[in-house]
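Reviewing the structure listed below.
Every read-out reported here was derived from the displayed coordinates using simple, explicitly stated rules and does not represent laboratory data. Just so we're clear, the structure is a prediction, and the values are computed from it rather than from any experiment. Here the Cβ positions follow ideal geometry from the backbone for every residue, glycine too, while neighbour counts run over all protein chains shown.
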Amino acid sequence: MMDAEIERLETQLRRMLEGEAWHGPSVLEALQDVTPELACLHPVAGAHSIWEIVLHLASTYRLVLRRIQGNDSPLSSEEDWPSVPPPTASNWQDAIRSLRQLNEELRQAVRAFRPERLDEPLVASPPYTAYTQFIGITQHDAYHAGQIAMLKKALESISNPPAPA
């Protein structure tokens, strides 16, 4: 039987990616109707593209999985914000599939995590507790889901400029 706190953490990880998030659209809900062509655009100067954000989210799942295994090596710049491949439907589907898979792997790791270790650091550096890492990744997802929603609005305003008055 799964510990209640572990179950709550795992549920939040699922909801932030798939749906039923308290704050609003989950990551995948925010990604609905985003085409590969739109995902790679930069409608806001100096901001990341939707595709870059998706790859970054996958990277942070890999980071926490690494920390669960005791590996405290930080993400390199290329790991943190990987380069976007050519904007094909296949590459976009691969990016979404990888995000889903890594979220599932993280949820499996959380389900298997011993609850008595939640208040202990996963690794020495950074010394955040396991609980902080697990709930923190849901906060990270919420932050970027909001960015994706704003980027979609910016893309819509480019595609459908308001009619002159």
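Helix 50-68 versus the longest principal axis of the chain: what is the Cα-based angle in degrees, 0 to 90, to the nearest 10? With both axes taken from Cα atoms, the answer is about 10 degrees. Each label point was placed 7 Å from the Cα along the Cα-to-Cβ direction; for residue 157 and residue 45 their separation is 1.4 nm. Close amide H pairs (under 5 Å, H built 1.01 Å from N) link residue 21 with 26, residues at least 5 positions away or on another chain.
Compared with the dominant Cα axis of the chain, that is its longest principal axis, helix 89-112 is turned about 20°. Computed from phi, the 3J(HN,Hα) profile of the range 71-78 under the Karplus parametrisation 6.51, -1.76, 1.60 (θ = phi - 60°) reads 8, 9, 5, x, 6, 6, 4, 5 Hz, with x in place of Gly and Pro. The protection proxy used here, the mean number of other Cβ atoms lying within 10 Å of each residue, ranks peptides 29-37, 139-147, 67-75 as follows, highest first: 139-147, 29-37, 67-75.
What FRET efficiency comes out for residue 32 versus residue 116 if R0 is 45 angstrom and r is the Cβ-Cβ distance? Round to the nearest 0.05.
Working: r = 39 Å, r/R0 = 0.87.
That pair, residue 32 with residue 116, gives E of 0.70.
The Cα center of the range 95-110 and the Cα center of the range 119-141 differ in position by 17 Å. Restricting the calculation to Cα atoms, the chain yields a radius of gyration followed by a Dmax of 17.1, 63 Å.
Expressed as an acute angle from 0 to 90° and rounded to the nearest 10, what is the orientation of the C-alpha long axis of helix 130-159 relative to the principal long axis of the chain? The helix 130-159 is inclined about 0 degrees to the chain.
Over the residues of the chain, the helix contribution to mean residue ellipticity at 222 nm works out to -19500 deg cm²/dmol, using -39500 (n - 2.57) for each DSSP H run of at least 4. Here the range 4-155 is assigned +1 on the Cβ of each Lys and Arg and -1 on the Cβ of each Asp and Glu. Its dipole about the Cα centre then comes out at about 100 debye. The simple spin-label model puts a point 7 Å past each Cα toward its Cβ; for residue 5 and residue 18 those points are separated by 2.4 nm. Pairs of Cα atoms nearer than 8 Å and 6+ residues apart set the relative contact order; for the range 4-155 it is 35 percent.
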